[in-house]
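Enquirer: Following this message is one structure expressed as structure tokens.
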Amino acid sequence: MPKLNRRWLMGGALFAGLLLVAGGFAIAEALKFAAAPTRITVDALPILSFDNRDPTRVRFGELEFRGGLAMTSKYAAFGGISSLHMEPDGAHFLAVTDNGSWLRGRVAYDKDKPAGIADAEMAPVLGGDGKPLAERGWFDMESLVELDGQFYIGIERVEQIVRLDMARNGFAARGEPIAVPPDFKKFPKNKSLECLAAAPKDSALAGNLIVITEESLDAAGNLHSFLINGDKVERFTVKRSDDFDVTDCTMLSPTELLILERRFSPARGVAMRIRRVPLSALQPGALVDGKIMIEADMGYQVDNMEGIAVHRNAAGETIITLVSDDNFSVIQRNLLLQFALVE
């Protein structure tokens, strides 16, 4: 077994027990390093197989594993990657982190496999006053989406969504809070705004932000979810099952939503799952479920998977990219994994 796999499997038993403690402490430490935009170096160790037990296996349900990276950096603020946006070229990306930072860069490829991270930069996400949002305690940034040329970030603990004009201002963009439903203030802390997606322009839900909470439950044990379009708010729920919590979502196509989920416990370890949901199912008052595309536990190259993005490559294939949040913990990893959709 490769050294990378063995180290992860040995540390996996500690993952669940230490996740919140180590992560919470490290987030507080990382806040000290908010600074001006900074070019950083990201070292990336290629992950050549997804199944730790069978390195020749590439097919996993509806997905074909293309490759991955285990990423590290000496830059103190690097880590805690919580949500991801891939540009149409499939190389350039934008991400947000737990400590209130932007991470921007480019995935370098060897043919169709991720081979490294280039041109990486980090900067604090700014508020309306031009100061880092983290300085006011708005730092637990868990979700990111682009809608009509604007980027929106969901921030846990303060239960806010901010809008930024990145196209015009880049890292100098200032986050302005948008109106959110009063329900948001009732969410359990650290269990709320994990998923933001944007309905396509040519869909019946065009203009809506899709919001699914991590583990904010209704009386039946399902996830509070919302469609937000300006002052108009519609509510629905997403079925929760097998102790999985939502960590991100994105549009797979104009008609389908992907929901990324994570489960962890001291007894069962860590696992991730992706569900495929028809966009037409997102109706006011509906209980939404979806087909499981892939489920993977500690026998595979997974960690605290928190970000998902979709793009089409030059060959016309649909590529799904996942990233993990290491919670700034020495026993976790920042992973980037890519799969091709096999229809």
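Quick note: the coordinates plus some simple rules give every number you see, no bench work behind them. Here the structure is a predicted model, which is why all the values come from computation and not from measurement. Backbone-built Cβ (ideal geometry, glycine too); neighbour counts: all protein chains shown.
Enquirer: Just tell me which aspartates and glutamates come within less than 13 Å, Cα to Cα, of LYS189; anything on the same chain fewer than 8 places away is out.
Expert: Partners found: ASP140, GLU142, GLU156, GLU159, GLU214, GLU215.
Enquirer: Over the alpha-carbon set of the stretch 87-182, work out the extent along each principal axis and list the three values in angstrom, largest first.
Expert: 48, 26, 24
Enquirer: Could you work out the pair-distance distribution P(r) of the chain from its alpha-carbon pairs, with 10 angstrom bin width and percents rounded to whole numbers?
Expert: Histogramming the chain at 10 Å steps yields 6, 28, 38, 24, 5, 0 percent.
Enquirer: Under a crude label model (7 Å from the Cα following the beta-carbon direction), how far is ASP245 from ASN229 in nanometres?
Expert: My value for the distance between the label points is 3.2 nm.
Enquirer: Using Cα-only point scatterers and the Debye equation, what is log10 of I(q)/I(0) for the stretch 173-219 at each q in 0.18, 0.22, 0.30, 0.32 Å⁻¹, rounded to two decimals?
Expert: So the normalised log intensities are -0.71, -0.93, -1.12, -1.15.
Enquirer: Restricting to the chain, compute how many DSSP beta bridges are antiparallel as a %, nearest 5.
Expert: 95 percent
Enquirer: On full extension of the chain, what length is gained from THR41 through LYS186, given 0.36 nm per residue of separation minus the C-alpha to C-alpha distance?
Expert: Fully extending the segment from THR41 to LYS186 adds 48.2 nm.
Enquirer: Under 20 Å Cα-Cα from LYS232, which lysines qualify once same-chain neighbours fewer than 8 residues away are excluded?
Expert: Partners within reach: LYS185, LYS186, LYS201.
Enquirer: Could you tell me which trypsin sites (Lys or Arg not before Pro) in the stretch 140-203 are loop residues by DSSP with no more than 14 other beta carbons within 10 angstrom of their beta carbon? Numbers along the way, then the final one.
Expert: Values: sites: ARG157, ARG163, ARG168, ARG174, LYS185, LYS186, LYS189, LYS191, LYS201; in loops: ARG157, LYS189, LYS191, LYS201.
Here the sparse-neighbourhood loop sites are LYS189, LYS201.
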